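The structure under discussion appears below in the form of structure tokens.
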Amino acid sequence: MSDKKLFNIPPEAQQEIAIIGAGAMGVSIASILSQLGMAKVTLLEAESTPLNHYSASFNNTGILHHFVYGGHFSTLELLFKQTLLFKKVMPDYVFEDEYVNYLVPNIKGNTAIDREGITLKDVSKNLMKIYNNHINNYPSDQIFGSVQELVQEIDIEEILWGTGDKNFFNGAVKVKQPVLNIDKYCNHLIQLLNQLRKEEKINLKTNHKVTNVELSNQGFELKINHEKSLYFNTVINTGYAEGLEFPIPSFSGEKEAGNIVKLKAYGIYKIPETLKTKIPQLIEGFSSTLLIRGQYAGIIKTGGDNLAIFYGLEYNQAEFYVPLTQTPINLPKNWISWIKGETDYFGNRNEASILQAIQQGVSQWIPWVAELEPIELKKNLQVYPGQEPANELETAKRDHNPIRYQYQHQTGEQYIHIPGAKLTSVIYHSFLIIDKLLQTYINKQILTEQEVNKHLIIDNNRTIIISPELEFLLGKKLSQSSP
């Protein structure tokens with residue numbers, strides 16, 4: 001790591017910033033911020049280790065979304081820009097096979113791809129148009145090859161290998177879309193965090209669960225484990241589930257909307273030797289991801305002989321709406337307990353029965369799924385901040401703005417709440433937050449806009465343009481050790 005700092009703000013002018021939650025979002029923001037010479041960074045984690053077994057980051061399927069929101073042009077455009085930035089900054093953690101296959105079944109139902117007035121061809125044209133516009137403005141971003149290579153219609157049998165009924169589907173395409181190796185990606189972030197801790201750029205405090213946040217004369221007062229208090233100028237809450245459980249400071253200026261919290265589950269399965277012999281394409285030619293829209297389901301390559309599989313009826317187990325006016329915010333205790341493996345949320349159903357149900361659901365379209373060997377059930381919470389309850393169509397349009405609710409004190413202190421976002425958005429949102437924090441120093445005339453714009457610009461098309469120096473702050477050159 002380099003000791004060179006891009007913004008050498010005098011120590012007495014640097015903010016004390018607390019970041020709640022040492023998952024992918026928290027570690028990414030802390031890593032960038034700590035190397036800019038603009039703040040003293042403390043990372044607070046409720047568990048004993050960062051990116052731990054309970055972390056939503058570690059339990060993610062790894063899809064960097066864009067095509068799935070193709071029925072909504074602006075959402076598709078934003079997520080595509082986020083995917084480009086992620087791939088540019090983290091190029092070593094995506095599968096070599098970047099093509100993702102999408103199948104649209106002949107069933108009725110609103111989804112982000114298959115809905116009234118929108119066909120698979122329409123979505124393909126939209127994506128090509130977005131990519132074409134982007135590389136016309138930023139030629140160096142042509143990282144998916146030509147526009148024609150980005151998305152292509154394919155023969156359904158090319159995916160099914162004769163094992164399913166192609167008449168079940170009304171279209172199929174393959175799309176260039178990165179899929180992360182979650183284990184290696186999380187290991188990279190841990191390695192980066194450890195390096196920055198050795199250099200004393202980040203103060204990591206584990207077993208520090210924030211149980212309350214209040215504004216005091218000393219800034220924001222964070223109560224830790226209901227006992228001691230810590231004080232900071234600015235607080236960034238990236239807590240994914242339990243980060244919702246304490247009251248947030250009052251804020252104004254925006255319409256109050258709550259959080260949509262979803263409980264999700266998917267299974268990890270192994271390809272047995274008998275199936276490899278029967279269908280060699282599973283090893284030789286299986287694309288990273290096969291997503292079935294409509295009755296939303298998917299098969300995702302996760303490295304080695306393992307596949308992650310989810311099925312709509314089992315994947316989205318429940319949805320909970322938390323109004324922001326409700327303080328403290330309490331998620332159902334059995335949700336948190338279920339995530340940690342302390343109780344069985346499903347009542348009489350055990351993990352084996354849920355894994356079996358996922359297999360049966362997906363095997364109605366892809367019969368070979370029934371022959372996989374179940375290994376483990378993964379589970380997490382996905383939070384949509386600042387949202388109202390919505391139908392499926394409205395859900396697909398959510399813009400996942402990470403700074404939707406924010407309290408800014410008259411002296412510049414800020415409380416920014418990012419309880420959850422798509423994995424696709426982690427790097428994009430990290431730089432959005434950095435930009436927001438830099439504006440504080442501009443407003444205080446400690447930095448100039450020219451100094452900031454040398455390294456970070458967000459243009460009118462919602463494209464984030466970062467300098468090479470910023471591009472390497474998430475450890476692009478860091479050597480990869482074994483997970």
Read through the list (1) within 30 Å of K129 (Cα to Cα); (2) open to solvent by 20 Å² or more (accessible area, probe 1.4 Å); (3) of a type in the set (A, V, I, L, M, F, W, C), then give the number of the only condition that W161 fails. (1)
Answer yes if at least one residue in segment 175-182 is within 26 Å of the chain's Cα centre (by Cα) and more than 30 Å from Q35 (Cβ to Cβ), and no otherwise. yes
Going through segment 206-243 one residue at a time, which ones are charged (D, E, K, R), farther than 23 Å from T440 by Cβ and surrounded by 15 or more Cβ atoms within 10 Å (Cβ to Cβ)? K209, K223, E242
Before we move on, is I329 open to solvent by less than 10 Å² (accessible area, probe 1.4 Å), among the aliphatic types (A, V, I, L, M) and modelled with pLDDT under 70? yes
So, in segment 176-196, of the ones that are at pLDDT 90 or above and aliphatic (A, V, I, L, M), which residue ends up most open to solvent (accessible area, probe 1.4 Å)? I190
Kindly check whether there is at least one residue in segment 245-267 that is within 24 Å of L64 (Cβ to Cβ), modelled with pLDDT of 85 or more, of a type outside the set (G, A, S) and not assigned by the TED database to the domain that holds S55. yes
Under 9 Å by Cβ, and 6 or more places apart or on different chains, what pairs join a residue from segment 343-358 that is aliphatic (A, V, I, L, M) with one that is open to solvent by 70 Å² or more (accessible area, probe 1.4 Å) and at pLDDT 90 or above? A352/P374; L355/P374; L355/I375; I358/P374
I'd like to check which strands (runs of 3 or more DSSP E) are fully inside segment 368-483 and have at least 2 residues that are modelled with pLDDT of 85 or more and touching a Lys or Arg at 6+ places or on another chain (Cβ under 7 Å). 373-387
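The values are calculated or read from the model by the stated rules, or taken from the named source; none is laboratory data. Computed from a predicted model, the values in this text were never measured in an experiment. Ideal geometry is used to build each Cβ from the backbone, glycine not excepted, and the neighbour counts take in all protein chains shown. SASA here: full protein model, heavy atoms, side chains in, ligands and nucleic acids out. Shrake-Rupley method; radii C 1.70, N 1.55, O 1.52, S 1.80 Å.
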